[in-house]
1. In whole angstrom, note down how far apart the Cα centers of segment 595-658 and segment 189-257 are.
2. Please work out whether segment 124-221 counts as rounded, prolate or oblate from its C-alpha gyration tensor, where a ≥ b ≥ c are the square roots of the eigenvalues and a/c under 1.5 means rounded, while otherwise a/b larger than b/c means prolate and anything else oblate?
3. Kindly put Cys524, Cys741 in sequence by how many other C-beta atoms sit within 10 Å of each C-beta, fewest to most.
4. Hey, fewest Cβ within 10 Å first, where do Thr381, Thr450, Thr527 land in order?
5. Are any of the pairs Lys373/Lys519; Lys171/Lys571; Lys337/Lys373 more than 21 Å apart by Cα-Cα distance, and if so, which?
6. Computed FRET efficiency, Cβ-Cβ of Asp208 and Asn516, R0 35 Å: what is it to the nearest 0.05?
7. Which order do His547, His81, His374 fall in if you start with the one that has the fewest other Cβ atoms within 10 Å?
8. Evaluate E = 1/(1 + (r/R0)^6) for Arg448 and Ser116, where r is the Cβ-Cβ distance and R0 equals 45 Å; express this FRET efficiency to the nearest 0.05.
Amino acid sequence: MSPIQKIKKRDGRIVDFDQEKITEAVWKAASSVGGENKQVAEQISNQISAVLEVFFKDESDIPTVEQIQDLVEKILIEGGHAKTAKAYIIYRHKQADAREQKELMFGKGAADKTLSFSNNALQVLKRRYLLKDNKGNLKETPEDLVRRVAKSIAETDNKYEGENSQETEEKFYEMIKNLEFMPNSPTLMNAGTGIGQLSACFVIPVEDSMEGIFTSLKNAALIHKSGGGTGFSFARLRPSEDMVSSTTGVSSGPISFMKVFDAATEVIKQGGKRRGANMGILRVDHPDILDFINMKSDMKTLQNFNISVAVTNAFIQALEKDEEYDLKNPRTKETMKRLPARMVFDLIIANAWKNGDPGVIFIDEINQKSPVKHLGEIEATNPCGEQPLLPYESCNLGSINLNKAISISGQDLDWNKLEQIVFSAVHFLDNVIDANNYPIPEIAETSRKTRKIGLGVMGFADILYRLGIPYNSEEGIKMGERIMRFVDEKSKEKSITLAQTRGTFPAWEGSFYHKNGIKIRNACTTTVAPTGTIGMLAEASGGLEPHFAISYIKNVMDGTELVYTNKFFEKVAKDQGFFSKELMHEIAKVGSIQNFVEIPEAVKKVFVVAQDIAPEWHIKMQAAFQKHVDSSVSKTINFPHEASIKDVEKAYLLAHKLKCKGVTIYRDGSRDNQVLNIGKVNKAEVPKETFTPIIEESTPATTPERLEEIAPPPIFESAKSTEPREHKPMSKHDILQSKKCPECKSDVQIGEGCMLCLSCGFSACTV
């Protein structure tokens with residue numbers, strides 16, 4: 001063993017010497033210039049260690065990080081590894097620049113406490129996640145945040161006999177520090193704080209009484225204040241013009257109350273970080289369904305709601321037979337009238353084609369697959385639709401960064417490493433349920449009764465790029481299914497192990513698992529959630545979504561435009577000799593590379609973005625993941641602008657056929673106030689690859705005209721005087737109109753039902 005036991009960090013700290021870090025640094029430099037043999041890196045690392053033994057014989061004589069790095073350079077150069085040496089030197093310079101930026105951001109001496117977060121991620125952490133004092137000054141570094149979260153969640157182990165919270169804390173700390181796993185944002189924000197609310201979203205029932213409605217509104221306000229989002233089914237509410245016996249009057253119907261919920265959401269900020277988000281759902285057999293479907297057609301109403309129609313199997317059967325179906329009063333259960341299923345379905349499709357709303361959830365499929373049917377029916381989902389929940393259940397979510405599970409060869413995943421990440425992540429999420437400070441008692445009771453967790457993935461599009469697999473291919477579909485099957489199986493394996501020492505979830509008796517003799521800790525273990533902001537922290541693509549653009553333009557504070565290019569594409573472009581800053585800037589104007597003749601066809605095939613992919617491939621990928629997901633999948637089905645209403649119809653039906661639990665679509669340019677994050681050019685100016693529709697394209701005569709342009713309302717109060725004025729907060733409508741982030745004024749993007757600023761991490765639900 002080497003006598004070198006310790007090294008001195010730049011901030012003066014003495015830490016354990018780890019030779020493997022030298023090996024990894026050398027290997028990283030070598031592989032970046034085409035090196036293929038890691039054993040050479042190991043040999044060089046051994047040589048460096050041997051030299052250190054000679055020069056630092058005395059235990060009191062401790063080498064510094066800089067001395068070791070200087071030695072690495074020297075040995076690489078003298079050993080004839082010129083290319084690797086050059087790559088290593090460039091890497092050192094970049095690291096030095098990064099440290100300088102970090103010290104400007106967090107103060108002198110804090111650079112080593114920023115862990116492996118990128119500068120962009122650090123900006124997001126600083127704006128949204130790091131604790132601040134009452135004057136807005138930072139109270140913690142990124143390292144402090146990770147330690148706070150790891151410690152707080154690990155302490156749950158103390159409740160269970162034979163478990164060691166200190167060992168668990170280190171495991172959780174390393175997992176998050178290394179960007180292998182990220183919990184949902186409320187956990188990062190609130191773990192170990194006075195707030196202590198760790199769940200992403202909740203489903204709140206809305207009872208058919210004035211007291212019940214406004215109790216739900218109060219509960220929603222408390223949830224938004226604590227950092228969560230809310231989902232509601234308004235299907236229990238009696239229809240408009242129905243009798244109200246207590247007043248001998250008539251009901252105003254569910255839509256009127258949805259507007260009240262929307263107005264309340266507008267004035268509440270989630271934990272001081274972001275605006276609230278809601279999902280509003282109405283069953284297709286509710287008497288007010290036509291008004292509900294048309295509710296957001298003006299693109300002004302319900303700016304804080306996503307809406308979805310809960311479609312039943314009976315409705316689909318009536319549609320297939322071209323028959324009418326019953327609309328039932330939820331108060332009396334009596335049929336009020338009948339409507340042609342085709343007419344209602346056409347209205348859903350036409351509105352979705354026009355602006356993305358409404359989506360649909362297949363409510364019978366959701367309830368058929370519920371492992372806890374004995375507790376009642378699921379009526380609603382969280383705002384992004386990936387978590388169907390019983391009334392008063394919560395989302396306890398986290399995502400694995402698949403980029404950290406790529407094998408050394410880069411040809412496959414390291415399945416053993418992925419297994420270990422899954423095991424640790426399930427342990428973490430199960431602890432969250434106990435550590436959580438739920439906003440109301442009913443949520444605490446129900447969440448602990450089923451102990452549902454939602455482990456998902458991010459970085460899927462990244463690894464397809466790295467493995468050379470097109471997203472829109474059978475090979476891509478197979479890889480998606482393979483990954484999610486593995487995550488699902490291993491998550492349940494860990495949950496079963498936890499049940500042996502911690503017990504099953506309290507509602508286990510009567511559940512699917514009880515009937516099949518499986519003792520498991522969590523009623524559900526898997527969900528694929530949107531990972532917009534945590535994906536930025538982990539430098540990973542969101543969920544299972546394809547990339548939005550290969551290159552994009554980022555506005556910095558002084559008005560300068562910077563072009564950011566996907567790092568995997570950039571490497572291929574440089575390796576194959578077609579990289580240029582000019583080309584990247586041109587790509588940033590359109591996002592896609594498909595119409596650039598200087599790029600090889602083989603590269604175009606792999607590096608597809610959302611708009612390059614035909615809708616049927618989006619749906620096939622969602623269905624592939626859904627096969628192995630307990631809850632549901634957050635996924636936007638992207639359509640090109642020229643897609644027809646018939647194309648959208650076929651997509652909805654295909655999603656139902658393939659057993660998806662819901663579907664949300666977005667047609668490019670369907671909103672005149674569309675959110676953009678690529679260049680400032682008119683897409684019509686750029687030749688576009690021919691879209692291959694799911695069925696034959698309809699004639700232009702069948703396609704409705706685009707919506708009239710909506711004049712943007714003023715963001716700030718009108719002012720003729722020079723007196724200071726109070727700025728009004730930007731609503732979602734304002735943001736969509738201006739196409740700018742309300743915090744840093746950079747462009748924002750649409751993806752996974754969210755609008756996301758790639759500069760500062762601002763996010764809010766939309767679609």
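1. With segment 595-658 and segment 189-257 each reduced to a Cα centre, they are spaced 34 Å.
2. Oblate shape, in that a/c is at least 1.5 and b/c is the bigger or equal ratio.
3. Arranged by neighbour count, lowest to highest, Cys524, Cys741 become Cys741, Cys524.
4. Fewest-to-most Cβ neighbours within 10 Å comes out as Thr450, Thr527, Thr381.
5. The pairs that break the limit, which is 21 Å between Cα atoms, are Lys171/Lys571; Lys337/Lys373.
6. 0.45
7. Going from least to most buried by this count: His374, His81, His547.
8. The computed FRET efficiency comes out at 0.85.
The numbers here are math on the coordinates, done by the rules we state, and not lab data. This is a predicted model, so every value here is computed, not measured. Note that we place each Cβ from the backbone using ideal geometry, even for glycine, and neighbour counts take in every protein chain shown.
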